[in-house]
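Below: the structure, in structure tokens.
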Amino acid sequence: MMNFVACTNIATALFCAAVLIQSVRMMRSLKAMRNSPLSDVVAALDDSTERAKIVLSEMKAMLSHGIAANGRCSEDARKLSDELRIIIEIADAAADRIVEATSAANQRAHAERTLAAYIEADA
């Protein structure tokens, strides 16, 4: 379970970093728009668009790998959960048998003490 959480946290951190990078690029492009003629603005916007396409394709590839890894992690977790459930059932059955055996032994010991007390009382 921790692996899934760690994978998700890493993916989220990477997305946040990508957003920060894109924000810096956009701020630079906006500053360039203020101080340059229209042709420079169009060129900067085209450049920003191309960079955004590259980042989006990289994010898409990263997500596809992350989803596959998360699928494997969740499948492993499901298998471990099933194994733990079986172990718990076995342990519960063993504990029930121990309780029953202890109870029977206590009853037998009580019966033996009671019988010994009656024998001593008759003697």
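Computed from Cα atoms, the angle from the helix 38-122 axis to the main principal axis of the chain rounds to 0 degrees.
Summarised in one figure, the compactness ratio Rg/Rh of region 2-122, Cα atoms and Kirkwood Rh, is 1.65.
Excluding residues fewer than 8 places away in the same chain, name every one of the lysines whose C-alpha is closer than 24 Å to that of Lys31. Those lysines meeting the cut-off are Lys53. Over the chain, DSSP H runs of length four or greater, each weighted -39,500 (n - 2.57), average out per residue to a 222 nm ellipticity of -36500 deg cm²/dmol. Among residues other than Ala116 with Cβ under 14 Å from its Cβ, the summed charge is -1 (Lys and Arg +1, Asp and Glu -1). The tail of the calculated P(r) for region 53-95 beyond 13 Å holds 66 percent of all Cα-Cα pairs.
Just so you know, all these numbers are worked out from the coordinates, no wet-lab data involved. Quick caveat: nothing in here was measured; it's all calculated off a predicted structure. Cβ atoms come from the backbone with ideal geometry, glycine included; neighbour counts cover every protein chain shown.
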